[in-house]
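Report on the structure given below.
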Amino acid sequence: MSSPDPADPVLERAASAIASARGNAAERPLIKTFFDETTFTASHVVHDRTTGKAAIVDSVLDFDPAAGRTSHASAQKIADHVRAEGLSVDWLIETHAHADHLSAAPWLQQQLGGKLMIGRQIVTVQRVFGEIFNENSAFKRDGSQFDRLVDDGDTFKLGNMDVIVMHVPGHTPADMAYVVGDAVFVGDTLFMPDYGTARADFPGGDAHQLYRSIRRLLALPAETRLFLCHDYKAPERANFLWETTVNAQRSGNVHVHDGVSEEAFVAMRVARDATLDMPRLILPSVQVNMRGGQLPPPESNGIRYLKLPLDIL
């Protein structure tokens, strides 16, 4: 296995923190995952075992697109767990502006407290999709819908643990991975080894960037636990899974295992993406998630509306 690039101080610092956590149980977080089979989304509650301070990563707001109805059954399970375990939520983390589910972060924030966090490049997503949805000036494109915007190399506290942020663009410009002890929450960048990698054909996506982001993550220590945002379950596999390791990805990822060149990966990714349909919920999801999970403001009749721009995506 290769060592972290000494020219990449963020990667080197993350690798050091992971190695330290492997040798000290107090530095290893406890993680509970909630899987929403409707959107194939894994939401994680991660907490510091010594203080009970918690973060919620990539929550799901239930949404019925046929009826235009939102509900909170999935988020309620998370809230019930937090309360049952006596945890205190400090952070509601989005790994990126999701295109396949609506975020429940505002509802969970109202229920449990905590501050909402996303990568600073959300402003790029807001700018691009603000134009696609023809949003007026009332829609701020400065990330102010979130409590904290983070950059590559930023750190913040989760109880006694330092969380290290890594910018991993490619799927979208704003994708971030969060290193918590010996665990990394990688969002959509990687799937289970038998399913591969994220698509890179959304506005602002880039297959070259995605490859480099993945190789950066896979330079972390071999035993590093990777927690995913989605599992679409490879055909030969019986169960949904959302936890893997750097070593398993390097040895077995069907798209980007060791030995796959950037040129080969990009050719595969571009060809594969051309065959994929847009996610079923991309238009409602991005409209909501670029607002930090808030629904669009009500119109003069008091009703909120989601737009469906035609022939754009």
Review point. In deg cm²/dmol, rounded to 500, what helix-only [θ] at 222 nm does the chain give when every DSSP H run of at least 4 residues adds -39500 (n - 2.57) and the total is split over its residues?
Key: -8000 deg cm²/dmol
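Net charge near residue 145: determine it from the other residues with C-beta under 14 Å of the C-beta of residue 145, scoring Lys and Arg +1 and Asp and Glu -1.
Working: positive: 115, 120, 127, 140, 141, 148, 291; negative: 94, 135, 142, 147.
That works out to +3.
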**Study point:** Amide H contacts of residue 61 (H built 1.01 Å from N, under 5 Å, at least 5 apart or other chain)
**Key:** 102, 103, 104
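Mind listing which GluC sites (Glu not before Pro) in segment 46-133 are in a DSSP loop and have 12 or fewer other Cβ atoms within 10 Å? Walk me through the numbers before you get to the answer.
Working: sites: 85, 94, 131; in loops: 85, 94.
Taking segment 46-133 and a limit of 12 other Cβ atoms within 10 Å, no loop GluC sites (Glu not before Pro) are found.
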Study note, to complete from the structure: Percent of all Cα-Cα pairs per 10 Å bin for segment 235-313, counting from 0 up to the last occupied bin, reads 13, 25, 29, 22, 9, 2
Review point. Which whole-angstrom value gives the distance between the alpha carbon centres of segment 209-230 and segment 100-116?
Key: 26 Å
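If you count the DSSP beta bridges with both ends in segment 9-289, what percent of them are antiparallel, to the nearest 5? Provide the component values of the computation, followed by the final result.
On the way: 32 of 47 bridges.
Roughly 70 percent of the DSSP beta bridges within segment 9-289 come out antiparallel.
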Practice item. Enumerate the lysines that residue 307 could reach by cross-link, defined here as Cα to Cα under 19 Å, with residues fewer than 8 away along the same chain left out. Key: 140
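For every other residue with a beta carbon closer than 9 angstrom to the beta carbon of residue 11, add +1 if it is Lys or Arg and -1 if Asp or Glu, then tell me the sum. Before the final figure, lay out each step's value.
Numbers: positive: 13, 216; negative: 5, 8, 12.
Taking every Cβ under 9 Å from that of residue 11, the sum is -1.
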Point to revise | Vicinal HN-Hα couplings computed from phi for segment 254-261 (Karplus, 6.51 cos²θ - 1.76 cosθ + 1.60; Hz; Gly/Pro x) | key: 5, 9, 9, 5, 3, x, 7, 7
Review point. Which aspartates and glutamates have a Cα less than 12 Å from the Cα of residue 115, not counting those fewer than 8 places away in the same chain?
Key: 90, 94, 147
Review point. When the chain is treated as a GNM, springs tying every alpha-carbon pair under 10 Å, which of 251, 74, 103 comes out with the largest mean-square fluctuation?
Key: 251
Review point. Nearest 20 debye, what's the magnitude of the dipole of segment 206-313 about its Cα centre given +1 on Lys and Arg Cβ and -1 on Asp and Glu Cβ?
Key: 240 debye
Revision key, fill the gap. Scoring only Lys, Arg, Asp and Glu (+1, +1, -1, -1) among other residues with Cβ under 13 Å from the Cβ of residue 248 yields -2
Check your understanding: What order do you get for 282, 122, 31 when you list them from fewest to most C-beta neighbours inside 10 Å?
Key -> 282, 31, 122
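Averaging sequence separations of C-alpha pairs under 8 Å and six or more residues apart, then dividing by the length of the chain, give the relative contact order as a whole percent. Mind showing how you got there, number by number?
On the way: 649 pairs, mean separation 57.2, N = 313.
Answer for the chain is 18 percent.
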Check your understanding: Magnitude of the Cβ-charge dipole of segment 9-289, K/R +1 and D/E -1, about the Cα centre, nearest 20 debye?
Key -> 380 debye
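No value in this document is a laboratory result; all are computed from the given coordinates. As the structure is a prediction and not an experimental result, all values here were calculated from the model. All Cβ positions, glycine included, derive from the backbone under ideal geometry; neighbour counts span all protein chains shown.
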